[in-house]
Amino acid sequence: MPIGKIRFFDTEKGFGFISGADGKEVYVHASILDEGQELAAGVKVEYSVADGRKGPQALSLSVLEPVATVHKKRKKADEMAVIVEDLVKLLDLVGEDLKRGKHPERAKARKVAQMLRHVAGELDV
């Protein structure tokens, strides 16, 4: 069975690619992963390959060497408190518009969503 490293894996989309030791790219779909198994760039894996509709595709996969997790440095709690309070104020404004039957403009909605994702990332380290 070939050995390679995960080049890219998007958990939300459920797919990624393995860079094989031979330099070939192999598609990997989340459906072949064991329940609870997660992949990240740099994880060394052993896999079996078959020809798929769009090229080589992994049929099975086992993790040989997981990548050491690097924890992001957290912001100080008092800094996060200010950020969360500001976000709550912004969400209150959006909520008031929604109560009046008005959705936020696309640009504003995207900005709020981006801020929510960023704060969630800061909280989930």
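The values are calculated or read from the model by the stated rules, or taken from the named source; none is laboratory data. As the structure is a prediction and not an experimental result, all values here were calculated from the model. Cβ sites come from the backbone with ideal geometry, for glycine too, and all protein chains shown count toward neighbours.
For this structure, a couple of remarks:
- Residue satisfying all of: in the range 10-29; under 16 Å from P56 (Cα atoms) and touching an Asp or Glu at 6+ places or on another chain (Cβ under 9 Å); surrounded by the most Cβ atoms within 10 Å (Cβ to Cβ) among these: I18
- Residue in the range 48-55 that is assigned to a helix (DSSP H, G or I), surrounded by 10 or more Cβ atoms within 10 Å (Cβ to Cβ) and touching a residue at least 12 places away in the same chain (Cβ under 8 Å) present: no
- Residue check, V88 more than 19 Å from M1 (Cβ to Cβ), in contact (Cβ under 8 Å) with a residue 12 or more places away in the chain, hydrophobic (A, V, I, L, M, F, W, C) and part of a helix (DSSP H, G or I): no
- Residue that is under 19 Å from D124 (Cα atoms), in contact with a strand residue (DSSP E or B) (Cβ under 8 Å, 6 or more places away or on another chain) and not hydroxyl-bearing (S, T, Y), where the choices are A40, A81, A50: A40
- Candidates G95, G42, G55, filtered to the one that is at positive phi and either among the basic types (K, R) or at pLDDT 90 or above (or both): G55
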